[in-house]
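Here the structure comes first, spelled out in structure tokens, and everything after it is commentary.
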Ligand SMILES: [Zn+2]
């Protein structure tokens, strides 16, 4: 993908990487991250030409999988928590 141009609005820099299938330069990639951090992700997505996240439907089976992964993660976290509690109580 060398020679691609950054797809950020009005940017003509050469793209350094791709973000969600969009060519993007390094400075706009960090700009993108900054905007996400301050809750301006939708605005950032528009600037790079991505559809708003709200229109992206997660299929039910994928949503279920995400829930399972989260629950699994929670179980691991609480198991870890229990172990560290025991260490604290029983030195
Ligand atoms: Zn750019």
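Please treat every number below as a calculation from the coordinates, not as lab data. This is a predicted model, so every value here is computed, not measured. When we count neighbours, we look across all protein chains shown, and the Cβ atoms used for this are built from the backbone with ideal geometry, even at glycine.
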- Sequence of 48, 58 once ranked by neighbouring C-beta atoms within 10 Å, starting from the fewest: 58, 48
- Task: Answer rounded, prolate or oblate for segment 39-78, using the Cα gyration tensor with square roots of eigenvalues a ≥ b ≥ c: rounded when a/c is under 1.5, else prolate when a/b is larger than b/c, else oblate.
- Result: oblate
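Determine, from the Cβ-Cβ distance of residue 37 and residue 71 and an R0 of 35 Å, the FRET efficiency 1/(1 + (r/R0)^6), rounded to the nearest 0.05.
0.80
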- Message: Could you work out the relative contact order of segment 1-73? I mean the mean sequence separation of Cα pairs under 8 Å and 6+ apart, divided by the number of residues, in percent.
- Response: 21 percent
